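Asker: Dropping a structure here in structure tokens format, bear with me for questions.
The values are calculated or read from the model by the stated rules, or taken from the named source; none is laboratory data. Since the model is a prediction, treat every value here as computed from it, not as a measurement. Because the Cβ atoms are built from the backbone with ideal geometry, glycine has one as well, and the counts that use them run over all protein chains shown. With ligands, DNA and RNA removed, areas are computed over all heavy atoms of the protein, side chains included. Shrake-Rupley method; radii C 1.70, N 1.55, O 1.52, S 1.80 Å.
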Amino acid sequence: GGDLQSPELKCAVPIAFRWHHGAQREVYVVGSFSNWQTKIRLTREDDGSYGTVVQIVPGIHQYKFIVDGEWRCAQDQPRCLDSVGNENNCIEVEEAEAAEEAPIDQDPTREEPPSPRNTYSCPPVDPDEYIKDPPAMPPHLQFSLLNHPPLPMQGCILPMPHHSTLNHAFLNKDLPDGLVAVGLTSRYRGKFVSTVYYTAASS
């Protein structure tokens, strides 16, 4: 029992499926979003079309309609070929945008806490904290692309960045001719973009 859901189902997005080409008895939709195992029945609408809404996790999915027992592809919807050459409909489901929440300070339903904020205090920092050595950098941050030579036999191709180095700026001062390099690697979906800035070191 209970209402526990897997993390994937919690991020599922409601997607409407429509069949506008008529049917004598019934219409189902089945697709990769259910591993092609579950037939979901569409409801006949007043205009004669069929429709339903399915909760689908974000990603690219293929699907097909079963109309009166016959597998059909909707010609008015995006289509693609699967790995063995079968024509299916396809859809890209994007993550739902999170609803904006009102800042706590502007929430009219929020009650003032028993102790007003002006009664809070923060102890002063111990002066000895300023003379301590900084903590050691985690070793996995040494995997910056600035520290990697190009792969042999592949020209300027660099290895895939380590995920822990993403969105960190790295400084390299050990360059000839008095140069300094700053590098930053970001990721967008399955692609990585590295930007390196060079400048002359200040004397």
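Asker: If you check Ser83 against the conditions, is it polar (S, T, N, Q) and modelled with pLDDT of 75 or more?
Answerer: Yes: the conditions hold for Ser83.
Asker: Here's another thing I want to ask about it. Which residue, of Gly51, Gly69, is farther than 29 Å from Gly190 by Cβ, under 30 Å from the mean Cα position of the chain (by Cα) and at pLDDT 90 or above?
Answerer: None of the other options fit; the residue is Gly51.
Asker: Additional query: Quick check on my filter: what residues within segment 86-131 are at pLDDT below 80 and surrounded by 10 or more Cβ atoms within 10 Å (Cβ to Cβ)?
Answerer: The answer is Ala96, Ala102, Asp107, Arg110.
Asker: So, in segment 132-185, how many residues would count as being among the β-branched types (Val, Ile, Thr), open to solvent by less than 70 Å² (accessible area, probe 1.4 Å) and modelled with pLDDT under 80?
Answerer: 1
Asker: Another one. Quick one: which of Val30, Val53 is out of contact with any strand residue (DSSP E or B) (no Cβ under 6 Å at 6 or more places or on another chain) and closer than 17 Å to Pro14 by Cα?
Answerer: Val30
Asker: Tell me, yes or no, whether segment 50-65 has at least one residue that is in contact (Cβ under 8 Å) with a residue 24 or more places away in the chain and among the small types (Gly, Ala, Ser).
Answerer: yes
Asker: Related question: Out of the residues in segment 27-38 that are surrounded by 15 or more Cβ atoms within 10 Å (Cβ to Cβ) and not aromatic (Phe, Trp, Tyr), which is farthest from the chain's Cα centre (by Cα)?
Answerer: Val27
Asker: Considering only residues that are β-branched (Val, Ile, Thr) and part of a helix (DSSP H, G or I), which ones fall in segment 164-203?
Answerer: Thr165, the sole residue that qualifies.
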